[in-house]
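Reading through the C-alpha cells given below for one structure.
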Amino acid sequence: MIFLFTDFGAADLYAGQVKAVLHQHAPGTQVVDLLHEAPTFNVKAGAHLLAALSARVPAGSVTLAVVDPGVGGARKPVALLADNRWFVGPDNGILSVVAARAAKAEAFPIGWRPERLTASFHGRDLFAPVAAILARGERVAVKLEKKTRLAESFGGTDLAEIIYVDHYGNAMTGLRAGGRPGDGTLVAGGHRIARARVFSDVPAGEVFWYENSLGLAEISVNSASAAEKLGLGVGHPVTLDTG
C-alpha cells in the first residue's frame, strides 16, 4: 500500500498527477489518501501531523509525504525506513518527527533520478516513482545511498501550536494529550479552555478541549467553529496548564 500526505489540495490538479504516476509504476497497488490539505508551506506543522497520522499506517507500506516549499532548491530527496515502514519525501524536516519517535529509523539519500525532472514538481517526477518502486519491493532500483542523518530535524517533542484546522473549525494542536495528569487548562488566543471528554459533554456553543482520535489535544466548540469563535489558525501558540 502507498499512503499520500501532501499540501497539494484535494480539489487541485496535483494529487491526480501523482496518482497517475503511482499507477504507472506500481499498477494494482492500493493508494490511500491520508491528507492533501496539510498546512501549506508549513513543514513543521506538517511533520507533527504526519507523525500523528502515521501511527495507523501498517508495517510494510510506503508513505509519500510532500510539503516542499523549497522544491527545486538545495534540499535533498530522502527515503526513511521507520519501524518497517518506508517514507519518501524531501529532506526538509517533514519526515523528522516520524524518525525521532520511531523505535528504529534509518535515512537514505535517494540516488535515482527520472529521465525528466521538472524543477517545480518533484512530488510527481521523483518522489512518486520512488515510492512506487519501493512498494514493488525493489529497494535496489531506487539507488539508496549510504545511510545518513536527516539534514533537517524538529525532534520528537510536542509542538505547542495549532497544526491543523478541519472544516468543522476544530483546531488541532501538536500536543499529545495522552497520559497528562488531571484535566488541565489549555490556553490559546488569550482564552483559558477547560477540558471535556467529548462534544456531547458540553452545551451547544461551549468551548472545550479534548483528546482527539489521534491522541492530540484539540480545541473545539459543540456545534460551532472553534477557529472562528476564538480567532485561531495554524501556527497560533498554545500552552497546557496542568497545575
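Just so it is clear, none of the values below were taken in a lab; they were calculated from the coordinates. Small disclaimer: the values here were computed from a predicted structure and weren't measured. Glycine gets a Cβ as well: all are built from the backbone with ideal geometry, and neighbour counts include every protein chain shown.
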Practice problem: Can you put M1, M172 in order of Cβ neighbours within 10 angstrom, beginning with the fewest? | Solution: M1, M172
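Antiparallel DSSP bridges in region 1-92: what percent, to the nearest 5?
Details: 6 of 18 bridges.
DSSP beta bridges in region 1-92 are roughly 35 percent antiparallel.
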Quiz item: Hey, got the dipole for region 99-169? About the Cα centre, +1 on K and R Cβ, -1 on D and E Cβ, debye to the nearest 20?
Solution: 460 debye
Quiz item: With +1 on each Lys and Arg Cβ and -1 on each Asp and Glu Cβ, how big is the dipole of region 127-243 about its Cα centre, in debye rounded to the nearest 20?
Solution: 620 debye
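Counting other Cβ atoms within 10 Å, which chymotrypsin sites (Phe, Trp or Tyr not before Pro) in region 145-184 have at most 15 and lie in a DSSP loop? Working shown, then result.
Values: sites: F154, Y164, Y168; in loops: F154, Y168.
For chymotrypsin sites (Phe, Trp or Tyr not before Pro) across region 145-184 that sit outside H, G, I, E and B with at most 15 neighbouring Cβ atoms in 10 Å, the list reads Y168.
Hey, could you grab the Kirkwood Rh for region 2-142? Inverse mean 1/r over distinct alpha carbon pairs, Å, one decimal. It would help to have the intermediate numbers written out before the result.
Numbers: mean 1/r = 0.0683 Å⁻¹.
By the Kirkwood definition, the hydrodynamic radius is 14.6 Å.
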Quiz prompt | Residue-wise HN-Hα coupling along region 184-196, computed from phi with Karplus coefficients 6.51, -1.76, 1.60 (Hz; x: Gly, Pro) | solution = x, 10, 9, 10, 8, x, x, 10, 9, 10, 7, 8, 9
Quiz item: How far apart, in nm, are two points set 7 Å out from the Cα along the Cα-to-Cβ line at E115 and at R56?
Solution: 4.1 nm
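Determine, for E218, E161, the number of other Cβ atoms within 10 Å of each Cβ, and report the residues in order from fewest to most. Intermediate values should be presented prior to the final figure.
Details: E218 23, E161 18.
Sorted ascending by nearby Cβ count, the order is E161, E218.
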Quiz item: Per-residue HN-Hα couplings for region 104-120, Karplus 6.51 cos²θ - 1.76 cosθ + 1.60 at θ = phi - 60°, whole Hz, x for Gly and Pro?
Solution: 9, 9, 9, 10, 9, x, 8, x, 5, 9, x, 5, 10, 10, 5, 5, 10
Exercise. Sort all Cα-Cα distances of the chain into consecutive 10 angstrom bins from zero, then give the percent of pairs in each bin up to the one containing the longest distance.
Key: 8, 32, 31, 19, 9, 1
Quiz item: Long-range amide H contacts for E161: which residues qualify at under 5 Å (H placed 1.01 Å from N, peptide plane, sequence gap of 5 or more or a different chain)?
Solution: G174, L175, V238
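Calculate the translational D of region 159-241 in whole µm² s⁻¹ from Stokes-Einstein, where the hydrodynamic radius comes from the Kirkwood formula applied to all Cα pairs, the temperature is 20 °C and the viscosity 1.002 mPa s.
176 µm²/s
Per residue Cα convex hull volume for region 49-93, in cubic angstrom?
65 Å³
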Quiz item: How large is log10 I(q)/I(0) at q = 0.24 Å⁻¹ when the Debye formula is applied to the Cα atoms of region 123-198, each weighted equally and without solvent?
Solution: -1.22
Quiz item: When the Karplus curve 6.51 cos²θ - 1.76 cosθ + 1.60 is applied with θ = phi - 60°, which whole-Hz ³J(HN,Hα) does each residue of region 86-96 get, with x for Gly and Pro?
Solution: 8, 10, 10, x, x, 8, 10, x, 4, 9, 6
Quiz item: For V140 and D241 in the same chain, what is the full-extension length gain: residue separation times 0.36 nm, less their Cα-Cα distance, in nm?
Solution: 31.4 nm
Quiz prompt | Rounded to the nearest 20 debye, dipole of the chain from Cβ charges on Lys, Arg, Asp, Glu | solution = 860 debye
